[in-house]
């Protein structure tokens, strides 16, 4: 504190290629992982967990699609079918997609992109991981004890008197909410307080902006889910009568409470994906992102508007006509910031020097799939159309295009983009591209027919269906197999990469943000110096040496006693 | 950036922070964000309260007569007093007066315990009359078909608040242990400060609960 007036010299710090010691082997043993405070290791543990639950949710989805091969009962009864689709939804949403990008990839890269040694609260970060695991245990427990058949939305009054394991399931989700809140608090604080010298808000990578906006939603929305589920649990145990009409309560109030969280939660799922796409498109087009502030602030705009549109899930639930009209009107506003993003990404690619590596392939597939998902959402926001399409496969197709075609493809893009950085290994580029195309084909084959079925009146969540839908259902099921093959291929070459992949250089894609200015894999404390930022994260026209600047100190003392 | 000359004064700075100030600011911002989540958590219950009161205004004025305004009023004063002692504990920690800080923390816990004991008497009195939350409600003194919902909301709100008071007692007890060991000083009193923030919020929520539940007629 006494030396603030001392002049600070900066110099370039060349990156050590193929380091001997890094965060993966700096300390050894199971305990060094279980009790680690290193955000990168916590992020990796999250990554392994979300991939595991994606696998579980994916198997459930394959089972659902197989059951729908024939109009009548195929291999599971209706009761089982209800439980399987509920678990598929709950596992994919609460265990996979919400933590997928922020808690796994975000955890690994947010501090590195800020030039920080760690997140602001490393112990809370580890706690959030164990809280997540605890919540996951409850979910697995309810799976083992008869499952739950309410759908992932837990609508009352059915959820107050269904015989299935509603309490353990909702309690698991309640617990996982705290994990999500802690991640949000941690990320917002980290972005505010831990940025490297010179890294102003205008020089933050857009992935960081998207995690910041996500953090805001997590902090503001998740507590409302917590109290809603707590009230639901109390309704089942004590019969408090707030949601149960038999006791004088109001089931529509539950829907208001639930969607006040769960609509913003949709943006918890997709906004970090937007951040990844911004990184990918700029890096692989070798161009400054078009409209930096527009892309950055549109994330915050989505976070804000996302809180005002929950009623569009309830157009047919008996809310007043006035609120229906207002919610429909507000819903269209979400299209604006989203459209701004799409336009800016395309403008970034325009006349860029595009390198179609695997991550970029995913980014371009994302643009197609997410645009379809987004535009069909606009149709669902229109009142008269929604009355026809509500609770049909059209809705199912819409949110799979947004959540899977959007978030999962962005997640895969990010995973391939940063894989060399956090594992230190390259993967087989040819296989990766083939897998990406297989996934794209499989995805469209699975979900495109569902738009058609939905518009023709096929209701969602139905166990049996009219024979006229059989061809389309079978198309969809075959598509799900292609998706399965694609994911197996991804798993195959990524495992091969871990075992015997070529060593990755520090900056295989020519990125400009800080994570590329340190070794692959990163050192235990991310940087051996204090990085200094002088250019924006997408200034590809500036010499790369100027992105590797750091404070020139003979020995950066960490003041450990 | 480094402070090799002041090693001992900065022993509390964790490895990933540049200096004490950054650590303090981060902790404080983190706590404020957490308090935001608390406001929204209770916010759900306040919305339930508003909705049911708007639908059944006569029920709320009727049912509120069953709540003991004197006991609630004493509890309000006790909690406001505890906020003062908590603030003084922070002030004494800042002034390097660990002894007085310790006693002020003790006074805060004492007030919190008084609050909980009064709450206990309020609850047991109601249980005695058959005023239970939800389906167990058997009281016949209020002539309204939804009387049990008012008390469900009452128990949810005051119960959750009570849990927060208990957590506060735990946290402040931990601060007392740390203070006794001399962990805090004018350079480092972050845990006292941010626990204080938490305690003031718990106090503040009660200040909203008291008039909304007890003082309506």
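Key figures for this structure:
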quantity	calculated
Matching residues in the stretch A:498-517 - criterion: being under 24 Å from residue A:289 (Cβ atoms) and touching a strand residue (DSSP E or B) at 6+ places or on another chain (Cβ under 8 Å)	A:514, A:517
Unmet criterion (only one of (1) more than 14 Å from every other protein chain (Cβ to nearest Cβ); (2) surrounded by fewer than 18 Cβ atoms within 10 Å (Cβ to Cβ); (3) without any contact (Cβ under 8 Å) to a residue 40 or more places away in the chain) for residue B:85	(2)
Residue check, residue A:246 surrounded by fewer than 23 Cβ atoms within 10 Å (Cβ to Cβ), within 14 Å of another protein chain (Cβ to nearest Cβ) and part of a helix (DSSP H, G or I)	yes
Counted residues, the stretch A:132-160 - those being part of a helix (DSSP H, G or I) and away from chain B (no Cβ under 14 Å)	15
Scope the stretch B:141-160; condition more than 13 Å from every other protein chain (Cβ to nearest Cβ) and outside any loop (DSSP other than H, G, I, E, B); matching residues	B:158
For residue B:164: the one exception among (1) in contact (Cβ under 8 Å) with a residue 24 or more places away in the chain; (2) surrounded by fewer than 16 Cβ atoms within 10 Å (Cβ to Cβ); (3) within 23 Å of residue B:83 (Cα to Cα)	(2)
Residue match in the stretch B:168-183 (condition: at pLDDT 95 or above, within 14 Å of chain A (Cβ to nearest Cβ) and either within 19 Å of residue B:11 (Cα to Cα) or in a helix (DSSP H, G or I) (or both))	no
Filter result for residue B:96 (in contact with a helix residue (DSSP H, G or I) (Cβ under 9 Å, 6 or more places away or on another chain), modelled with pLDDT of 90 or more and either assigned to a helix (DSSP H, G or I) or loosely packed, with under 15 Cβ neighbours inside 10 Å (or both))	no
Residue tally, condition surrounded by 20 or more Cβ atoms within 10 Å (Cβ to Cβ) and in contact with a helix residue (DSSP H, G or I) (Cβ under 7 Å, 6 or more places away or on another chain), over the stretch A:66-83	3
Filter result (surrounded by 16 or more Cβ atoms within 10 Å (Cβ to Cβ), assigned to a helix (DSSP H, G or I), more than 8 Å from chain A (Cβ to nearest Cβ) and more than 20 Å from the chain's Cα centre (by Cα)) within the stretch B:37-57	B:53
Test: residue A:288 is farther than 18 Å from residue A:399 by Cβ and part of a helix (DSSP H, G or I)	no
Selected residue (only one of A:214, A:222, A:170, A:183 is over 19 Å from the mean Cα position of the chain (by Cα), part of a helix (DSSP H, G or I) and buried (at least 23 other Cβ atoms within 10 Å of the Cβ))	A:170
Every pair of residues 6+ apart whose Cβ atoms lie under 8 Å, when the first sits in the stretch A:147-159 and is without any contact (Cβ under 8 Å) to a residue 60 or more places away in the chain while the second is part of a loop (DSSP other than H, G, I, E, B)	A:158/A:150
Members of the stretch A:205-232 found to be more than 11 Å from chain B (Cβ to nearest Cβ) and closer than 16 Å to residue A:107 by Cα, listed by number	A:205, A:206, A:207, A:208, A:209, A:210, A:211, A:212, A:213, A:214
Matching option when the condition is buried (at least 18 other Cβ atoms within 10 Å of the Cβ), without any contact (Cβ under 8 Å) to a residue 24 or more places away in the chain and away from every other protein chain (no Cβ under 14 Å), among A:472, A:439	A:472
Residue that is surrounded by the fewest Cβ atoms within 10 Å (Cβ to Cβ), among those in the stretch B:107-140 that are within 14 Å of another protein chain (Cβ to nearest Cβ) and in a helix (DSSP H, G or I)	B:127
Count of residues meeting criterion [surrounded by fewer than 24 Cβ atoms within 10 Å (Cβ to Cβ) and farther than 28 Å from residue A:185 by Cβ] in the stretch A:225-243	4
Test result for residue B:113, within 21 Å of residue B:210 (Cβ to Cβ) and modelled with pLDDT of 95 or more	yes
Criterion: surrounded by fewer than 20 Cβ atoms within 10 Å (Cβ to Cβ) and either within 26 Å of residue A:55 (Cβ to Cβ) or at pLDDT below 95 (or both) - qualifying residue of A:412, A:356, A:383	A:383
Checking residue B:61 against (1) more than 14 Å from chain A (Cβ to nearest Cβ); (2) at pLDDT 95 or above, the condition it does not meet	(2)
Options A:192, A:263; residue that is within 8 Å of another protein chain (Cβ to nearest Cβ), surrounded by fewer than 24 Cβ atoms within 10 Å (Cβ to Cβ) and either free of Cβ contacts under 8 Å to residues at least 24 places away in the same chain or more than 30 Å from residue A:529 (Cα to Cα) (or both)	A:192
Subset of the stretch A:119-148 [closer than 26 Å to residue A:517 by Cα and surrounded by 24 or more Cβ atoms within 10 Å (Cβ to Cβ)]	A:119, A:120, A:125
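The values are calculated or read from the model by the stated rules, or taken from the named source; none is laboratory data. Because the structure is predicted, anything quoted here is derived from the model rather than measured. A quick note on method: Cβ atoms are made from the backbone with ideal geometry, for glycine too, and the neighbour counts reach across all protein chains shown.
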